[in-house]
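Read the structure below first, then the notes.
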Amino acid sequence: MKPETSDKAQQAAKPRMREPTDNEILDKLGGSHAVARIFEIRGPSVSDWRKYGIPKARRMYLQVVYPHVFEHVPVRRKRA
């Protein structure tokens, strides 16, 4: 028989995950200019996405073509 573990113990063992930020997504894809080449637009346009967010249609395209970039990342724990 397997020893039963409490729900709290199981949750503590799993790292908490979150969705990557727009900056993390752009960085994983090689930066603003690399993403600009994907969409055949100018680099400064994509650089603005870091400030204002990736437009919904562009984000949806990236999720379909580059799903690995959207994998959840661990939440960093604050140091005391």
- Item | Within region 30-65, considering residues that are touching a Lys or Arg at 6+ places or on another chain (Cβ under 8 Å) and surrounded by 14 or more Cβ atoms within 10 Å (Cβ to Cβ), the one farthest from PRO20 (Cα to Cα) | ALA36
- Message: Could you list, ordered by first residue, the pairs with Cβ atoms under 7 Å in which the first is in region 19-31 and farther than 10 Å from PHE70 by Cβ and the second is assigned to a helix (DSSP H, G or I) and small (Gly, Ala, Ser), at least 6 apart or interchain?
- Response: LEU26/SER32
- Item | Residue within region 16-33 that is outside any helix (DSSP H, G or I), closer than 20 Å to HIS72 by Cβ, at pLDDT 95 or above and not hydroxyl-bearing (Ser, Thr, Tyr) present | yes
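The values are calculated or read from the model by the stated rules, or taken from the named source; none is laboratory data. A quick note: this is a predicted structure, and the numbers were derived from the prediction, not measured. Cβ atoms come from the backbone with ideal geometry, glycine included; neighbour counts cover every protein chain shown.
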